[in-house]
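Below is one structure, written out as C-alpha cells; the observations come after it.
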Amino acid sequence: MTRKTENPSNKINKCPRDWAIRNTYFHNMKKILADSAPKAIGPYSHAWQSGNLIFCSGQTPLNPVTMVIEGATVTEQTTLVLNNLETVLKSAGCDRTHILKTSVFLKNFADFERMNKAYEAFFGEHKPARTTVEVSRLPKEALVEIECVAAVQK
C-alpha cells in the first residue's frame with residue numbers, strides 16, 4: 001500500500017483556507033458605540049458587528065444618564081436591561097425583532113419566573129433562543145445581566 005504525501009512546496013505562497021476565512025470576517029468587523037446606552041464600565045465595547053451579525057456585550061440595569069443601577073426588583077431591572085440592549089441594537093440599525101439569541105445571567109435563580117414575565121412582555125411573539133444561568137455576582141450588584149446576538153439586514 002502506497003501512501004500519497006503532499007509536497008509541502010505546493011503550499012508556499014498560498015493562503016491557507018482558515019486564514020482566508022478569518023481575514024474575511026476580521027476585515028468586515030465594525031465596533032458599535034451607542035451614545036444613548038450606559039457607558040461601558042470596563043474595557044469592552046457595546047457591540048461588534050461581523051458580517052450581518054451583531055454581538056452585544058451584557059447590559060445591566062444602569063440608568064444611561066446617572067450610571068446608577070435602577071429598579072428594586074428583578075422585573076424592573078430586566079425591563080431596563082432589555083431597553084438598554086435595544087438602544088445598542090438601534091445604533092447598529094436593528095431592534096429587538098432581530099435578536100437571534102440571548103444569554104441571561106441571574107443573581108438568584110429564584111427570580112427566574114419574574115424575569116421571564118418581563119422578558120416575555122418585552123419580546124411578545126418574537127422568541128429568540130435563550131440560555132439562562134445563575135451567577136454568584138454581577139457588576140454593581142445588579143440582579144440580572146443580558147447579552148445577545150442579533151442579525152442586521154444588509
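Where does each of 34-40, 72-78, 44-50 land if you order them by average Cβ count within 10 Å, highest first?
72-78, 44-50, 34-40
Would you compute, for the Cα atoms of the range 44-149, the largest minus smallest coordinate along each principal axis and list the three values in descending order, in whole Å?
Sorted from largest, the Cα extents of the range 44-149 read 37, 31, 21 Å.
Among 30/101; 31/107; 31/90, which pairs are too far apart, with a Cα-Cα distance over 25 Å?
Exceeds cut-off: 31/107.
Under a Cβ-Cβ cut-off of 15 Å, what is the net charge of the residues other than residue 73 that fall near it, where Lys and Arg count +1 and Asp and Glu count -1?
Here the count lands on -2.
How much net charge surrounds residue 91 when only the other residues with a Cβ under 14 Å from the Cβ of residue 91 are counted, with Lys and Arg +1 and Asp and Glu -1?
+2
Computed from the coordinates by the stated procedures, all read-outs in this text should not be read as laboratory data. If you're wondering where the values come from, they're calculated on a predicted model, not measured in any experiment. Backbone-built Cβ (ideal geometry, glycine too); neighbour counts: all protein chains shown.
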